Structure formats: C-alpha cells, structure tokens
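Just below is one structure, and these are the notes that go with it.
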Amino acid sequence: MKRVAILISGSGSNMIKLCESMVGKHPARPVIVISSFSGSEGLTYATNIGLKAVVVEFGLFPKDNFGFEAAITEELTLASPDIICLAGFMHILSRSFLKKFANKIINIHPSLLPKYKGLNTHKRAISAGDFEAGCTVHKVTEELDGGPILGQGKVLIDKNETPESLAAKVLKLEHTLYPLVLKKFAAAAIDQTEIILSNS
Ligand code: GAR
C-alpha cells in the first residue's frame, strides 16, 4: 500500500476528495496532511477522520524558506510517504527539497498546461478569449508548473464567464481528475498524459 502525504494551503477541498477516494482496493492511503496555513478548513476534516494533520505556518518563517521547508521535511521524513500530493499548496519548492523527494511529488494546477503557469489562470484564459479552460495534474519538477503532464480535464468557457464562475467549474472537475490520476499514479500505471476529462 502506497503512503500519501498531502500538502495544502487553502480550503483543502481537493485534499478531502483525495482522502475520500483512498478506500477499498485503492493502492494508496493518506498518512499525513500538512497545511502551510493554520486557518485551512481541511484541517478539521483530516482530524475528524483520524488522519495526522500538521500545520507548518508559512507566516512563522519570514524570509526563511529554508526553515519552512526544513519543518515540512521533518514531518515528511517521519511520515515516510511514497507520494506527495500538492493540493492547493501555494509555495514554490526549492531544488534541494525537490531532489529529496524526486519523482514522488505531483500537483494539480487550474489551467490547461502548458498554458497559464503561475497565478490568475482563469482571468488570463478569459482575457485571452479562450473557448476552453481546465485543470492539469502533473509531476513536479524544478520548472514551475512545467513537469510531465499526467492528466487533464477540460471545461467550456461560457459567453458571460467570470474568473469566479470558471474557478468553480474547474474546481469541480479537479475533484474528479485528481483522484483518478492519483489512483493510476499509485498503481504505477501512468507516466505521461493519459486521462482527459471533458464536461462539454
Ligand atoms: C485549486 O483550484 C488548485 O488547482 C489551485 O488552488 C485551488 C485549491 O483549492 N492550485 C494552484 O493554483 C496551485 N498553483 P482547494 O484548497 O479547495 O483544494
């Protein structure tokens, strides 16, 4: 059984969907949730299901990314994960951190990569006049949002779409895509783009 650590910074809705999916014959189980923000709503969920939930508060490490990552590394070393899922974890990880956990880290990003790496993805897709948007699960490498793609989900952008309405549509798709990709990744059955979801 593969051990999965999940790193979050926000509401943690993807983390919850990942945890809910890891039951029965699923080849993985969650072992720890680490949040960089003590106010993350997902922490309550993790505690309630008896999952170790740890806060490594980013704000307590001003200008000390090394210390922030060292605290996360300490928790990860104890938890000994086979897979680390970034699920709305809003920090760029250093080269040495990535090296330590090479080939174990995957991320979900709210755009159809390679389009719109970084922030404000929905606003950028609408401003560009795109007719579709979506989400991507990819392996994490040193290139920001640039690692090998494992799966994507697509939605149509409506005529009167706003960044908020698009974010809600894409997040719903993320909740389906991320568990699907994690299951395949945990079964070592996926190494490149394989899963394409479309709600159109
Ligand atoms: C998700 O939309 C995820 O794709 C995005 O943050 C949101 C987290 O939601 N991640 C990034 O933008 C990473 N660059 P959640 O906390 O409810 O899962």
Checked the stretch 147-167 for anything within 16 Å of the chain's Cα centre (by Cα) and surrounded by fewer than 15 Cβ atoms within 10 Å (Cβ to Cβ); matches are PRO148
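The rows are residues; the columns are (1) more than 10 Å from the ligand (Cβ to nearest atom); (2) within 17 Å of LEU180 (Cβ to Cβ).
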residue: ARG3; (1), (2): yes, no
residue: ILE6; (1), (2): no, yes
residue: SER9; (1), (2): no, no
residue: MET15; (1), (2): no, yes
residue: CYS19; (1), (2): yes, yes
residue: LYS25; (1), (2): yes, yes
residue: ALA28; (1), (2): yes, yes
residue: SER40; (1), (2): no, no
Exception for ALA125 within (1) under 26 Å from LYS2 (Cβ atoms); (2) part of a helix (DSSP H, G or I); (3) in contact with a Phe, Trp or Tyr (Cβ under 8 Å, 6 or more places away or on another chain) falls at (1)
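Among the candidates GLY50, GLY134, GLY129, single out the residue that is more than 10 Å from the ligand (Cβ to nearest atom), modelled with pLDDT of 95 or more and farther than 30 Å from SER165 by Cα.
GLY50
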Filtering the stretch 1-21 down to residues that are surrounded by 19 or more Cβ atoms within 10 Å (Cβ to Cβ) and without any contact (Cβ under 8 Å) to a residue 40 or more places away in the chain yields ILE16, CYS19
Counted residues in the stretch 153-200 being farther than 21 Å from THR121 by Cβ and assigned to a loop (DSSP other than H, G, I, E, B) come to 7
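The values are calculated or read from the model by the stated rules, or taken from the named source; none is laboratory data. It should be emphasised that the depicted structure is a prediction, and the values quoted were computed from it without experimental measurement. For neighbour counting, all protein chains shown are included, and Cβ atoms are generated from backbone atoms with ideal geometry for every residue, glycine included.
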